[in-house]
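The values are calculated or read from the model by the stated rules, or taken from the named source; none is laboratory data. These numbers come from a predicted model, not from an experiment. Reconstructed Cβ throughout: ideal geometry from the backbone, glycine too, with neighbour counts over all protein chains shown.
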Amino acid sequence: MGRDDDPPRRLGRHPRPRGRAPPAPLRQLPLGPPGRRRRARRVGPRGARARGAGGDGPRSGAPPPGRRLLLARAPSDHHLPRRQRDPLRELVLRVPDHRRDDRLRPRVARLRVVRSRAAAARPDADLQYPDPRHARPRGERLHQMMRALLAVLVLAAVASAAPPPRFFIMGDGHLAIVNAHTDEHLTVRYRREDGTYDADALARLRRVFRSGGDAREQDVSLRLIEVLSHVQKMAGGHPLVLLSGYRSPTYNQSLKNQGKQVAGGSMHTEGLAADLAFPRPQLPKLWHQVRDLDCCGAGYYAKEGFLHVDVGRPRFWEATTSRVDENLSAGNARMFARTEFDRYVGGEPITVSLHALTVPPVRVARVAKLVADGGGQRELRFEGDAEGCLEAASTGAHFKVGEAPGIGRGHLELTTCEPRPERTPETVETNVIDVRAGSP
(Lines give C-alpha, C1' and ligand atoms only; values in the text may rest on other atoms or scores of the structure.)
Protein backbone atom coordinates (compact mmCIF):
# COMPACT_ATOMS: atom_id res chain seq x y z
CA MET A 1 0.00 0.00 0.00
CA GLY A 2 1.43 3.34 -1.00
CA ARG A 3 1.83 6.42 1.14
CA ASP A 4 -1.26 7.99 -0.30
CA ASP A 5 -3.32 4.98 0.76
CA ASP A 6 -2.22 5.07 4.42
CA PRO A 7 -5.00 6.03 6.82
CA PRO A 8 -4.60 9.38 8.55
CA ARG A 9 -2.79 9.23 11.85
CA ARG A 10 -3.65 11.20 15.03
CA LEU A 11 -0.95 13.44 16.37
CA GLY A 12 -0.42 13.96 20.09
CA ARG A 13 -1.84 12.16 23.11
CA HIS A 14 -5.59 12.42 22.84
CA PRO A 15 -7.44 9.60 24.54
CA ARG A 16 -10.46 8.63 22.58
CA PRO A 17 -13.68 9.09 24.54
CA ARG A 18 -15.71 6.00 24.98
CA GLY A 19 -19.22 5.59 23.70
CA ARG A 20 -18.94 7.75 20.59
CA ALA A 21 -17.11 7.63 17.27
CA PRO A 22 -14.02 9.76 16.72
CA PRO A 23 -14.61 13.02 14.87
CA ALA A 24 -13.97 13.08 11.15
CA PRO A 25 -10.58 14.50 10.20
CA LEU A 26 -10.59 18.04 8.94
CA ARG A 27 -9.04 18.75 5.57
CA GLN A 28 -7.45 22.01 4.65
CA LEU A 29 -9.46 23.91 2.07
CA PRO A 30 -7.72 25.49 -0.89
CA LEU A 31 -6.60 29.05 -0.22
CA GLY A 32 -7.62 32.11 -2.20
CA PRO A 33 -10.92 33.41 -3.53
CA PRO A 34 -13.25 31.05 -5.42
CA GLY A 35 -12.56 32.73 -8.74
CA ARG A 36 -8.87 32.04 -8.49
CA ARG A 37 -9.50 28.39 -7.63
CA ARG A 38 -11.71 28.00 -10.73
CA ARG A 39 -9.04 29.52 -12.96
CA ALA A 40 -6.33 27.23 -11.55
CA ARG A 41 -7.59 24.10 -13.38
CA ARG A 42 -4.85 24.06 -16.04
CA VAL A 43 -1.28 23.49 -14.93
CA GLY A 44 1.73 23.82 -17.23
CA PRO A 45 2.58 25.93 -20.23
CA ARG A 46 -0.21 27.54 -22.22
CA GLY A 47 -1.49 25.26 -24.96
CA ALA A 48 -0.52 22.06 -23.16
CA ARG A 49 -3.08 19.37 -22.48
CA ALA A 50 -4.80 19.31 -19.16
CA ARG A 51 -3.60 16.66 -16.80
CA GLY A 52 -7.03 15.53 -15.78
CA ALA A 53 -10.64 16.38 -15.40
CA GLY A 54 -9.89 18.24 -12.20
CA GLY A 55 -7.11 20.34 -13.73
CA ASP A 56 -4.08 19.43 -11.65
CA GLY A 57 -5.43 16.09 -10.49
CA PRO A 58 -3.76 12.76 -11.39
CA ARG A 59 -4.29 11.39 -14.90
CA SER A 60 -5.14 7.90 -13.75
CA GLY A 61 -8.02 6.91 -11.50
CA ALA A 62 -5.83 6.93 -8.42
CA PRO A 63 -7.27 8.70 -5.40
CA PRO A 64 -5.95 12.19 -4.63
CA PRO A 65 -2.93 12.37 -2.40
CA GLY A 66 -3.53 12.69 1.31
CA ARG A 67 -3.45 16.20 2.69
CA ARG A 68 -2.22 17.40 6.05
CA LEU A 69 -4.84 17.28 8.79
CA LEU A 70 -5.82 20.26 10.97
CA LEU A 71 -6.20 18.74 14.41
CA ALA A 72 -8.35 20.32 17.15
CA ARG A 73 -6.60 22.15 20.01
CA ALA A 74 -6.03 20.09 23.11
CA PRO A 75 -8.69 20.77 25.77
CA SER A 76 -7.68 23.04 28.66
CA ASP A 77 -6.98 21.51 32.04
CA HIS A 78 -7.81 24.62 34.10
CA HIS A 79 -10.96 22.94 35.35
CA LEU A 80 -8.81 20.48 37.28
CA PRO A 81 -7.49 21.23 40.77
CA ARG A 82 -3.93 22.43 40.99
CA ARG A 83 -2.93 19.30 42.85
CA GLN A 84 -3.89 17.24 39.79
CA ARG A 85 -2.32 19.62 37.29
CA ASP A 86 0.97 19.92 39.16
CA PRO A 87 1.19 17.29 41.90
CA LEU A 88 4.79 18.02 42.84
CA ARG A 89 4.01 21.65 43.57
CA GLU A 90 1.55 20.75 46.34
CA LEU A 91 3.89 18.50 48.25
CA VAL A 92 4.46 20.89 51.17
CA LEU A 93 5.57 19.47 54.44
CA ARG A 94 3.58 20.92 57.34
CA VAL A 95 5.49 20.74 60.59
CA PRO A 96 4.27 22.42 63.84
CA ASP A 97 6.46 25.34 64.91
CA HIS A 98 7.24 24.72 68.56
CA ARG A 99 9.67 27.61 68.67
CA ARG A 100 6.83 30.04 67.93
CA ASP A 101 4.82 28.68 70.86
CA ASP A 102 7.84 29.08 73.12
CA ARG A 103 8.08 32.74 72.13
CA LEU A 104 4.38 33.42 72.73
CA ARG A 105 4.12 31.88 76.18
CA PRO A 106 6.25 34.55 77.96
CA ARG A 107 4.32 37.33 76.23
CA VAL A 108 0.98 35.94 77.34
CA ALA A 109 2.32 35.53 80.87
CA ARG A 110 3.41 39.19 80.98
CA LEU A 111 -0.11 40.37 80.04
CA ARG A 112 -1.43 39.15 83.43
CA VAL A 113 -4.85 38.34 82.05
CA VAL A 114 -6.89 37.38 85.11
CA ARG A 115 -10.58 37.10 85.69
CA SER A 116 -12.22 40.04 87.42
CA ARG A 117 -14.07 39.66 90.70
CA ALA A 118 -17.39 40.46 89.05
CA ALA A 119 -16.86 37.71 86.50
CA ALA A 120 -15.80 35.24 89.19
CA ALA A 121 -18.96 35.95 91.18
CA ARG A 122 -21.31 35.09 88.33
CA PRO A 123 -23.39 31.94 88.72
CA ASP A 124 -22.12 30.61 85.39
CA ALA A 125 -18.45 31.50 85.94
CA ASP A 126 -17.46 27.83 86.11
CA LEU A 127 -18.90 27.12 82.69
CA GLN A 128 -16.65 27.04 79.66
CA TYR A 129 -18.75 29.63 77.77
CA PRO A 130 -20.72 31.77 80.27
CA ASP A 131 -23.90 33.34 78.94
CA PRO A 132 -23.64 37.16 79.16
CA ARG A 133 -27.42 37.46 79.44
CA HIS A 134 -27.43 35.44 82.65
CA ALA A 135 -24.42 37.30 84.02
CA ARG A 136 -26.24 40.68 84.01
CA PRO A 137 -27.76 41.53 87.40
CA ARG A 138 -31.46 42.06 87.64
CA GLY A 139 -32.65 45.59 86.82
CA GLU A 140 -29.39 46.63 85.17
CA ARG A 141 -31.08 47.39 81.83
CA LEU A 142 -33.69 49.52 83.60
CA HIS A 143 -30.96 51.41 85.43
CA GLN A 144 -29.18 52.11 82.15
CA MET A 145 -32.36 53.50 80.61
CA MET A 146 -32.96 55.70 83.65
CA ARG A 147 -29.40 57.05 83.51
CA ALA A 148 -29.79 57.86 79.80
CA LEU A 149 -33.10 59.63 80.44
CA LEU A 150 -31.53 61.62 83.27
CA ALA A 151 -28.68 62.70 80.99
CA VAL A 152 -31.17 63.89 78.36
CA LEU A 153 -33.09 65.89 80.96
CA VAL A 154 -29.90 67.52 82.23
CA LEU A 155 -28.89 68.53 78.71
CA ALA A 156 -32.35 69.95 78.05
CA ALA A 157 -32.20 71.94 81.29
CA VAL A 158 -28.80 73.35 80.38
CA ALA A 159 -30.01 74.27 76.90
CA SER A 160 -33.09 76.01 78.29
CA ALA A 161 -30.99 77.88 80.84
CA ALA A 162 -28.61 79.17 78.16
CA PRO A 163 -29.61 82.62 76.89
CA PRO A 164 -31.10 82.72 73.39
CA PRO A 165 -29.04 84.46 70.69
CA ARG A 166 -29.97 88.13 70.50
CA PHE A 167 -29.20 88.61 66.79
CA PHE A 168 -30.04 86.61 63.69
CA ILE A 169 -26.46 86.97 62.40
CA MET A 170 -23.89 86.35 65.12
CA GLY A 171 -20.25 85.40 65.43
CA ASP A 172 -18.59 83.18 68.01
CA GLY A 173 -18.11 85.98 70.55
CA HIS A 174 -14.50 86.68 69.54
CA LEU A 175 -13.07 89.33 67.23
CA ALA A 176 -9.48 89.82 66.04
CA ILE A 177 -8.83 93.09 64.24
CA VAL A 178 -5.84 95.11 63.02
CA ASN A 179 -5.93 98.86 62.42
CA ALA A 180 -4.16 99.38 59.09
CA HIS A 181 -3.16 102.99 59.95
CA THR A 182 -1.92 102.61 63.54
CA ASP A 183 -0.88 98.91 63.30
CA GLU A 184 -2.82 98.13 66.48
CA HIS A 185 -3.63 94.45 66.98
CA LEU A 186 -6.59 93.52 69.15
CA THR A 187 -8.14 90.14 69.94
CA VAL A 188 -11.03 90.25 72.40
CA ARG A 189 -13.90 88.17 73.64
CA TYR A 190 -16.72 90.66 73.59
CA ARG A 191 -19.55 88.27 74.56
CA ARG A 192 -19.57 86.12 77.67
CA GLU A 193 -20.92 82.59 77.96
CA ASP A 194 -24.14 83.84 79.58
CA GLY A 195 -24.88 86.01 76.52
CA THR A 196 -24.01 89.36 78.11
CA TYR A 197 -21.49 91.72 76.55
CA ASP A 198 -18.19 92.68 78.14
CA ALA A 199 -18.05 96.47 78.57
CA ASP A 200 -14.25 96.49 78.81
CA ALA A 201 -13.88 94.56 75.53
CA LEU A 202 -16.33 96.92 73.82
CA ALA A 203 -14.30 99.90 75.05
CA ARG A 204 -11.13 98.42 73.56
CA LEU A 205 -12.91 97.89 70.24
CA ARG A 206 -14.14 101.46 70.38
CA ARG A 207 -10.52 102.59 70.72
CA VAL A 208 -9.39 100.64 67.66
CA PHE A 209 -12.36 101.94 65.61
CA ARG A 210 -11.60 105.60 66.43
CA SER A 211 -11.62 108.27 63.74
CA GLY A 212 -8.41 108.48 61.75
CA GLY A 213 -8.24 112.25 61.31
CA ASP A 214 -8.99 113.59 64.79
CA ALA A 215 -8.88 110.41 66.94
CA ARG A 216 -12.45 110.87 68.14
CA GLU A 217 -14.29 107.83 69.44
CA GLN A 218 -17.84 106.58 69.11
CA ASP A 219 -19.67 103.50 70.40
CA VAL A 220 -19.58 100.70 67.84
CA SER A 221 -22.93 99.04 67.19
CA LEU A 222 -23.30 95.58 68.73
CA ARG A 223 -25.01 94.49 65.54
CA LEU A 224 -21.95 95.52 63.52
CA ILE A 225 -19.57 93.71 65.89
CA GLU A 226 -21.55 90.48 65.53
CA VAL A 227 -21.60 90.80 61.73
CA LEU A 228 -17.84 91.43 61.63
CA SER A 229 -17.21 88.37 63.80
CA HIS A 230 -19.32 86.33 61.38
CA VAL A 231 -17.41 87.74 58.39
CA GLN A 232 -14.13 86.88 60.09
CA LYS A 233 -15.27 83.27 60.38
CA MET A 234 -16.25 83.21 56.70
CA ALA A 235 -12.82 84.61 55.77
CA GLY A 236 -11.01 81.73 57.47
CA GLY A 237 -10.61 83.15 60.98
CA HIS A 238 -7.76 85.51 60.10
CA PRO A 239 -7.66 88.94 61.80
CA LEU A 240 -9.64 91.59 59.95
CA VAL A 241 -7.68 94.52 58.54
CA LEU A 242 -9.62 97.70 59.32
CA LEU A 243 -9.11 100.51 56.83
CA SER A 244 -11.86 102.79 58.12
CA GLY A 245 -14.12 102.43 61.14
CA TYR A 246 -15.71 105.40 62.83
CA ARG A 247 -15.36 108.81 61.18
CA SER A 248 -16.31 111.99 62.93
CA PRO A 249 -18.61 114.25 60.87
CA THR A 250 -15.82 116.83 60.68
CA TYR A 251 -13.27 114.33 59.38
CA ASN A 252 -15.80 112.87 56.93
CA GLN A 253 -16.54 116.33 55.53
CA SER A 254 -12.83 117.07 55.17
CA LEU A 255 -12.39 113.89 53.13
CA LYS A 256 -15.28 114.93 50.92
CA ASN A 257 -13.74 118.37 50.41
CA GLN A 258 -10.53 116.67 49.28
CA GLY A 259 -12.44 114.90 46.52
CA LYS A 260 -12.58 111.51 48.20
CA GLN A 261 -15.42 109.14 47.37
CA VAL A 262 -17.32 109.44 50.66
CA ALA A 263 -21.04 109.89 51.26
CA GLY A 264 -22.40 112.96 52.98
CA GLY A 265 -24.52 110.98 55.46
CA SER A 266 -22.08 108.07 55.69
CA MET A 267 -22.80 105.36 58.22
CA HIS A 268 -19.18 105.58 59.29
CA THR A 269 -20.17 108.76 61.14
CA GLU A 270 -22.47 106.73 63.41
CA GLY A 271 -20.27 103.70 64.08
CA LEU A 272 -22.42 101.49 61.86
CA ALA A 273 -19.92 100.66 59.08
CA ALA A 274 -16.40 99.36 58.50
CA ASP A 275 -14.09 99.09 55.49
CA LEU A 276 -12.12 95.83 55.55
CA ALA A 277 -9.14 94.89 53.37
CA PHE A 278 -8.88 91.32 52.03
CA PRO A 279 -6.68 89.56 49.46
CA ARG A 280 -8.01 90.43 46.02
CA PRO A 281 -8.79 86.82 44.98
CA GLN A 282 -10.95 86.49 48.11
CA LEU A 283 -12.96 89.69 47.63
CA PRO A 284 -15.66 88.54 45.14
CA LYS A 285 -16.53 85.42 47.11
CA LEU A 286 -16.79 87.30 50.41
CA TRP A 287 -18.87 90.00 48.79
CA HIS A 288 -21.42 87.46 47.55
CA GLN A 289 -21.46 85.74 50.94
CA VAL A 290 -22.24 89.01 52.74
CA ARG A 291 -24.93 89.76 50.16
CA ASP A 292 -26.53 86.36 50.78
CA LEU A 293 -26.87 87.17 54.49
CA ASP A 294 -29.56 89.74 53.55
CA CYS A 295 -28.88 91.67 56.73
CA CYS A 296 -26.79 94.66 55.82
CA GLY A 297 -25.07 96.73 53.18
CA ALA A 298 -22.17 95.27 51.19
CA GLY A 299 -19.96 97.38 48.92
CA TYR A 300 -17.34 95.81 46.63
CA TYR A 301 -14.33 97.96 45.71
CA ALA A 302 -12.16 95.73 43.54
CA LYS A 303 -9.59 98.35 42.52
CA GLU A 304 -9.03 99.54 46.08
CA GLY A 305 -9.10 95.97 47.46
CA PHE A 306 -11.62 96.27 50.29
CA LEU A 307 -15.23 95.56 51.27
CA HIS A 308 -17.61 98.01 52.88
CA VAL A 309 -19.90 96.40 55.48
CA ASP A 310 -22.64 98.29 57.34
CA VAL A 311 -25.80 97.42 59.27
CA GLY A 312 -28.17 99.63 57.31
CA ARG A 313 -30.85 98.43 54.93
CA PRO A 314 -29.92 95.25 53.03
CA ARG A 315 -28.38 96.39 49.74
CA PHE A 316 -25.21 95.92 47.69
CA TRP A 317 -23.18 97.87 45.16
CA GLU A 318 -19.84 98.21 43.44
CA ALA A 319 -17.56 101.20 43.05
CA THR A 320 -19.14 102.12 39.71
CA THR A 321 -22.72 101.83 41.03
CA SER A 322 -22.32 103.39 44.47
CA ARG A 323 -23.78 106.80 43.39
CA VAL A 324 -21.83 108.54 46.13
CA ASP A 325 -21.74 111.83 44.23
CA GLU A 326 -25.55 112.06 44.20
CA ASN A 327 -25.82 112.42 48.01
CA LEU A 328 -28.81 110.09 48.19
CA SER A 329 -29.29 110.55 51.95
CA ALA A 330 -29.78 114.31 51.75
CA GLY A 331 -32.95 115.68 53.35
CA ASN A 332 -33.51 112.56 55.52
CA ALA A 333 -34.41 110.61 52.37
CA ARG A 334 -32.76 107.42 53.65
CA MET A 335 -33.70 107.63 57.30
CA PHE A 336 -34.14 104.19 58.87
CA ALA A 337 -34.70 102.67 62.31
CA ARG A 338 -32.90 99.84 64.11
CA THR A 339 -33.75 97.94 67.27
CA GLU A 340 -31.11 97.17 69.86
CA PHE A 341 -31.47 93.39 69.33
CA ASP A 342 -33.27 91.03 66.95
CA ARG A 343 -34.76 88.58 69.45
CA TYR A 344 -36.87 89.50 72.46
CA VAL A 345 -39.06 87.79 75.03
CA GLY A 346 -42.62 88.93 75.58
CA GLY A 347 -42.74 91.74 78.15
CA GLU A 348 -39.12 92.77 77.55
CA PRO A 349 -38.46 96.45 76.68
CA ILE A 350 -37.42 97.32 73.12
CA THR A 351 -35.13 100.23 72.29
CA VAL A 352 -35.39 101.80 68.81
CA SER A 353 -32.88 104.25 67.31
CA LEU A 354 -33.19 106.50 64.24
CA HIS A 355 -30.27 106.80 61.83
CA ALA A 356 -29.28 108.77 58.72
CA LEU A 357 -30.87 112.00 59.97
CA THR A 358 -29.18 114.61 57.83
CA VAL A 359 -31.71 117.37 58.59
CA PRO A 360 -32.67 117.21 62.28
CA PRO A 361 -34.82 117.50 64.27
CA VAL A 362 -37.50 114.98 63.34
CA ARG A 363 -40.65 114.43 65.37
CA VAL A 364 -41.96 110.88 65.79
CA ALA A 365 -45.45 109.87 66.91
CA ARG A 366 -45.54 108.33 70.36
CA VAL A 367 -47.77 105.47 69.21
CA ALA A 368 -46.04 102.87 67.02
CA LYS A 369 -47.32 99.67 65.41
CA LEU A 370 -45.94 96.19 65.96
CA VAL A 371 -46.82 94.39 62.71
CA ALA A 372 -46.60 90.59 62.62
CA ASP A 373 -45.47 88.77 59.49
CA GLY A 374 -48.43 86.41 59.63
CA GLY A 375 -50.94 89.25 59.84
CA GLY A 376 -52.26 91.39 62.64
CA GLN A 377 -50.75 94.31 64.51
CA ARG A 378 -50.54 95.77 67.99
CA GLU A 379 -50.14 99.37 69.10
CA LEU A 380 -47.20 100.24 71.33
CA ARG A 381 -46.38 103.49 73.12
CA PHE A 382 -42.92 104.95 73.50
CA GLU A 383 -41.90 106.21 76.90
CA GLY A 384 -41.70 110.00 77.27
CA ASP A 385 -43.31 113.10 78.70
CA ALA A 386 -44.78 114.46 75.48
CA GLU A 387 -48.28 113.38 74.58
CA GLY A 388 -48.41 113.70 70.82
CA CYS A 389 -44.92 113.40 69.29
CA LEU A 390 -41.38 112.78 70.47
CA GLU A 391 -38.45 114.71 69.06
CA ALA A 392 -35.26 113.19 67.62
CA ALA A 393 -32.77 116.02 67.99
CA SER A 394 -29.93 114.26 66.15
CA THR A 395 -29.12 111.07 64.34
CA GLY A 396 -28.93 108.05 66.61
CA ALA A 397 -31.76 109.24 68.89
CA HIS A 398 -33.33 106.45 70.98
CA PHE A 399 -36.93 105.66 71.84
CA LYS A 400 -37.99 102.94 74.25
CA VAL A 401 -41.04 100.70 74.44
CA GLY A 402 -41.78 99.48 77.97
CA GLU A 403 -43.27 96.05 77.18
CA ALA A 404 -43.71 94.23 73.90
CA PRO A 405 -46.26 91.42 73.44
CA GLY A 406 -45.13 88.09 72.04
CA ILE A 407 -46.33 88.00 68.43
CA GLY A 408 -43.47 86.09 66.78
CA ARG A 409 -41.67 87.60 63.80
CA GLY A 410 -42.57 91.09 62.71
CA HIS A 411 -41.33 94.68 62.66
CA LEU A 412 -42.05 98.05 64.22
CA GLU A 413 -43.53 100.85 62.15
CA LEU A 414 -42.92 104.45 63.26
CA THR A 415 -44.82 107.50 62.02
CA THR A 416 -43.22 110.91 61.66
CA CYS A 417 -45.14 114.04 62.59
CA GLU A 418 -45.65 117.18 60.57
CA PRO A 419 -44.00 119.40 59.63
CA ARG A 420 -41.55 116.98 58.01
CA PRO A 421 -38.20 118.45 56.92
CA GLU A 422 -37.49 118.20 53.19
CA ARG A 423 -37.67 114.53 52.06
CA THR A 424 -38.41 112.96 55.44
CA PRO A 425 -40.55 109.82 54.90
CA GLU A 426 -43.97 109.57 56.49
CA THR A 427 -43.34 106.11 57.98
CA VAL A 428 -40.12 104.41 59.01
CA GLU A 429 -39.78 100.65 59.51
CA THR A 430 -37.32 98.83 61.72
CA ASN A 431 -35.47 95.62 61.02
CA VAL A 432 -37.25 92.28 61.45
CA ILE A 433 -37.53 91.20 65.09
CA ASP A 434 -38.74 88.05 66.82
CA VAL A 435 -40.77 88.50 70.02
CA ARG A 436 -41.57 85.19 71.71
CA ALA A 437 -44.19 84.72 74.37
CA GLY A 438 -42.81 84.25 77.87
CA SER A 439 -41.38 86.13 80.80
CA PRO A 440 -38.02 87.94 80.58
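Tabulated data
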item: Single residue of Val352, Val364, Val324 found to be of a type outside the set (Asp, Glu) and in the same structural domain as Leu293 (by TED's automatic domain parsing); result: Val324
item: Some residue of the range 278-287 being at positive phi and either in the same structural domain as Val262 (by TED's automatic domain parsing) or under 36 Å from the mean Cα position of the chain (by Cα) (or both); result: no
item: Hits in the range 374-397 - residues which are under 29 Å from Arg436 (Cα atoms) and touching a residue at least 40 places away in the same chain (Cβ under 8 Å); result: Gly396, Ala397
item: Residue under evaluation Leu202, criteria (1) at pLDDT 95 or above; (2) in contact with a Ser or Thr (Cβ under 8 Å, 6 or more places away or on another chain), criterion not met; result: (2)
item: Among (1) under 35 Å from the mean Cα position of the chain (by Cα); (2) over 30 Å from Phe399 (Cβ atoms), the one test that Val309 misses; result: (2)
item: Residues of the range 206-225 satisfying the condition of being of a type in the set (A, V, I, L, M) and buried (at least 20 other Cβ atoms within 10 Å of the Cβ); result: Val208, Val220, Leu224, Ile225
item: Residue satisfying all of: in the range 172-196; among the hydroxyl-bearing types (Ser, Thr, Tyr) and loosely packed, with under 15 Cβ neighbours inside 10 Å; nearest to Leu243 (Cα to Cα) among these; result: Thr182
item: Selected residue (criterion: surrounded by the most Cβ atoms within 10 Å (Cβ to Cβ)) from residues of the range 308-343 that are in contact (Cβ under 8 Å) with a residue 40 or more places away in the chain and part of a strand (DSSP E or B); result: Val309
item: Complete set of residues in the range 344-376 that are loosely packed, with under 14 Cβ neighbours inside 10 Å and out of contact with any Asp or Glu (no Cβ under 8 Å at 6 or more places or on another chain); result: Asp373, Gly374, Gly375, Gly376
item: All positions within the range 226-264 that are surrounded by 15 or more Cβ atoms within 10 Å (Cβ to Cβ) and among the hydroxyl-bearing types (Ser, Thr, Tyr); result: Ser229, Ser244, Tyr246, Ser248, Tyr251, Ser254
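A quick yes/no check of all residues on (1) at pLDDT below 95; (2) among the basic types (Lys, Arg); (3) in the same structural domain as Arg343 (by TED's automatic domain parsing):
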{"site": "Pro165", "(1), (2), (3)": "yes, no, no"}
{"site": "Ile169", "(1), (2), (3)": "no, no, no"}
{"site": "Asn179", "(1), (2), (3)": "no, no, no"}
{"site": "Thr182", "(1), (2), (3)": "yes, no, no"}
{"site": "Tyr190", "(1), (2), (3)": "no, no, no"}
{"site": "Asp194", "(1), (2), (3)": "yes, no, no"}
{"site": "Asp198", "(1), (2), (3)": "no, no, no"}
{"site": "Arg206", "(1), (2), (3)": "no, yes, no"}
{"site": "Asp214", "(1), (2), (3)": "yes, no, no"}
